[in-house]
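So the structure is just underneath, and the comments pick up after that.
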Amino acid sequence: MVGLLVLASLTVLTLDARREDDGSPLDSLRTGVGSVLGPAQDGATSALRPLTDIPKHFEQVAELRDRNQALQAANDQLTQQLRVAGANAHRDAELGGVDRLANTEDLDVVKAEVVGMGAAQSFSRTVSIDVGTRDGVAPDLTVINADGLVGRVVESSATTSTVLLIIDPGSTVGGRLGESMELGFIDGDGDLSAAGRLELSLVDHTVSPREGDVVVTWGSRGGAPYVAGIPVGSVESVHSSPAELTQIAEVRPFVDFSSLDVVAVVTGSADRRTDDLAGGAAW
Amino acid sequence: MSKALRVIVVTALIVVTVTLQISIFTHFSISGVVPDLAMLLVIAAALVRGPDYAAGVGFAAGLVLDLAPPADHTAGRWALSLVVVGYLIGLARGDAEPTALGTVFMVAAGAFIGTSVFALTGLVLGDPGVSVASALEVVPRAMLYDVLVTPLVVPLVVMLFRRLQPVDRW
């Protein structure tokens, strides 16, 4: 009996392990389970929201106090800067904000709510959201929230989708330094907490990123899986890796992955529309 | 209760447990570690019914956990882990049902075995998220959290499994 079950588990494992190459026979099963359990997760989340908000409430009191303090400090600082009328230091950040605004206006998005989160015991950083193929969501679409890049859709059923967060160690995003336009690759470290950092390794190893530089997505052809120009995070520290001769920058993500709630799936962008018009031969 | 009805009830129990684990208990996660309700279910099954039955429940619960969103790992890994947990805990139970302290020990052992088997299969398959360091960090925390919720969950589930047990065995 047990031998049989172990054998069955191993069979499922081998069947599914080859999915990287040519789709897994379990994909349809996965989508099926998703269409049944997705709405169930959705319902459970909304029904028990008052209960699940309790820990958040306590966190929020402390957080609000901290934020109040931080805002006060920022306010004082800004007033001072306004007086000396030399806000050069903050120009980068503001430019980033303008970029973002311009971008947001050009994106077609589907709003979604996070209804389930993978456990740390599973060693992968994924969440499920309450929109699916019915809402026009498909694998490889970019997911953002108000703060920046969240991840990309890896799996969709009719009413739910699974999102791979960029903090997942298996996720790689093409990134661009906001200031020098240098290209690089951003990998996650798997830590969902506020201590979680992304690693940016630049293609050109002679360039050294500056602290505070904003990193945005570089974007791929047709805007999949990541549309261009979405803010990812800011460079916190830089160290060089002697083995690879590349500079590795630690990037603090703009998005707080442990408290994801409302996100948006990008279903279309100006880039993509132009591409479609040009028959995909724009570049 | 007829056999078919019992199977339906257990299946419903598994689905509800996994749904709760994925959508509700993630809000109470301690740095990402969530109490393994599905594992507690399997351990309770092992304590009441023994190794073979628990291995069956473990396979079913693991498969649901593998396939339900937002799971993204290779399917079958939780199934294998929970079959092993159910079987070993069922064997360790022996003839008598354990005391409260014994149950806590079983849960700790089960959480250790289950999470470790899952991490090991990840290492073998080359899952980028699994490293020995991250496993060493997650496994003890998962054990601790599972033990913490044991008094809230296991007695309830043990009672349910007792009621599902066929009474006309001798």
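The values are calculated or read from the model by the stated rules, or taken from the named source; none is laboratory data. Keep in mind that this is a model prediction, so the values were computed, not measured. Note that each Cβ is placed from the backbone with ideal geometry, even for glycine, and that neighbours are counted across all protein chains shown.
Taking the range A:1-59, which residues are polar (S, T, N, Q) and in contact (Cβ under 8 Å) with a residue 40 or more places away in the chain?
A:T31, A:S35, A:Q41, A:T45
Would a scan of the range B:64-84 turn up a residue that is more than 9 Å from chain A (Cβ to nearest Cβ), farther than 23 Å from A:D27 by Cα and in contact with a helix residue (DSSP H, G or I) (Cβ under 9 Å, 6 or more places away or on another chain)?
Looking for residues that are more than 9 Å from chain A (Cβ to nearest Cβ), farther than 23 Å from A:D27 by Cα and in contact with a helix residue (DSSP H, G or I) (Cβ under 9 Å, 6 or more places away or on another chain), one finds none in the range B:64-84, hence no.
If I filter the range A:271-280 for residues that are more than 21 Å from A:T142 (Cβ to Cβ), at pLDDT 85 or above and small (G, A, S), do I get at least one hit?
no
State whether the residues of the range B:35-42 include one that is on the phi < 0 side of the Ramachandran plot, over 10 Å from the mean Cα position of the chain (by Cα) and part of a helix (DSSP H, G or I).
No.
Could you check, for the range A:179-189, whether at least one of its residues is within 28 Å of B:H27 (Cβ to Cβ), buried (at least 24 other Cβ atoms within 10 Å of the Cβ) and in contact with a Lys or Arg (Cβ under 8 Å, 6 or more places away or on another chain)?
Yes, the conditions are met somewhere in the range A:179-189.
So is B:A108 within 18 Å of B:V147 (Cβ to Cβ) and assigned to a helix (DSSP H, G or I) or not?
Yes: the conditions hold for B:A108.
More than 7 Å from every other protein chain (Cβ to nearest Cβ) and more than 13 Å from the chain's Cα centre (by Cα), is that true of B:A60?
no
Can you tell me which residues in the range A:192-233 are surrounded by fewer than 22 Cβ atoms within 10 Å (Cβ to Cβ), of a type in the set (S, T, Y) and modelled with pLDDT of 80 or more?
Across the range A:192-233, the qualifying residue is only A:S201.
Can you tell me which residues in the range B:121-164 are surrounded by 13 or more Cβ atoms within 10 Å (Cβ to Cβ) and part of a loop (DSSP other than H, G, I, E, B)?
B:D127, B:P128, B:G129, B:V130, B:S131
How many of the residues making up the range B:104-120 are surrounded by fewer than 22 Cβ atoms within 10 Å (Cβ to Cβ) and either over 12 Å from the mean Cα position of the chain (by Cα) or among the small types (G, A, S) (or both)?
7
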